[in-house]
Amino acid sequence: MPDYMLLTIHLTIKAQEWRTKKHQLFTKLTLYNMKLFFVAAFLAVAAAVPSSFKPEYKATSYPAPSYPAPKYPTPSYPAPAYTAPAYPAPAYSAPAYKDNKYAAITVTSQSDERNIDGSSQWSYAQSDYTTREESQVQKKMQGVTYDSYGKESYGEVLGNTNKGSSYWISPEGQKFTFTWAADEAGFQPKGDHLPVAPVHEYELPVHIPFNGKGYKIY
């Protein structure tokens, strides 16, 4: 084969290879440009979204569960049974009197009066003719008082005055009457049967000078 034909074939093959390489390069550039286009579009969209944009999520709401109220049976307790205590009736023996003079004595009358002002009076009488009566009233008088610290002072105080009388007959048949009074002057009993204190007469001592240094009692 002549040399020019070999050269022609060689050039044809090189041209074909160049066209193939050019087509592959164009294809690669096209794919690369498309990728760049998509990346640029994504960045443009991302830049267009405002920075304050925050996705909103709705919290899932669940209905509150409802439970039926528990039912408990009412407890029943048996009523306690207590045995009533049995106490034996007290037995008192009748008083035995030597001569049985007082067995039939009864109370024939009695009274008891209490007043709001602090005064009172009471009395009773018996079938054996014994009687007693007593009364008391409140009266202002001079006396000793004590404060909350225990300090003693003398002044006007409110006290009780009392008076009364009693009459009875002794087993020997002797009649007695006894009266008394109690007030600021003290207790003052009176009765013919009360003993009387003896009256003593005292002689006053005579003082005579003794050696000019004192007195001698005779």
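Estimate the FRET efficiency between Y167 and R114 by the formula 1/(1 + (r/R0)^6), using the beta-carbon distance for r and 25 Å for R0, to the nearest 0.05.
0.55
Ranked highest first by average number of other Cβ atoms within 10 Å, how do 181-192, 75-86 line up?
Top to bottom by mean Cβ count within 10 Å: 181-192, 75-86.
Apply 1/(1 + (r/R0)^6) to the Cβ-Cβ distance of K175 and Y92, taking R0 = 25 Å, and write down the FRET efficiency to the nearest 0.05.
The computed FRET efficiency comes out at 0.20.
For the pair Q136 and W122, how long in nm is the line joining their label points, each one 7 Å along Cα→Cβ?
So the label points at Q136 and W122 sit 1.0 nm apart.
For T161, T60, give the ranking by accessible area with the largest first, probe 1.4 Å.
Ranked list, largest accessible area first: T60, T161.
Per residue and in cubic angstrom, what volume does the convex hull of the Cα atoms of the range 141-182 have?
Residue-normalised Cα hull volume stands at 101 Å³.
Counting only heavy atoms of the protein chains, get the accessible area per residue of the range 127-206 (1.4 Å probe) and round it to a whole Å² value.
82
Within the set of other residues whose C-beta is less than 14 Å from the C-beta of A125, count the net charge using Lys and Arg as +1 and Asp and Glu as -1.
-3
How many percent of the alpha carbon pairs in the range 96-180 exceed a separation of 16 Å?
In whole percent, the long-distance tail amounts to 69.
The values are calculated or read from the model by the stated rules, or taken from the named source; none is laboratory data. The shown structure was predicted, so the numbers you read here are calculated from the model rather than taken from an experiment. Using ideal geometry, Cβ is built from the backbone for each residue, glycine included, and neighbour counts are taken over all protein chains shown. Surface accessibility is based on the protein's heavy atoms, side chains included, excluding ligands, DNA and RNA. Shrake-Rupley method; radii C 1.70, N 1.55, O 1.52, S 1.80 Å.
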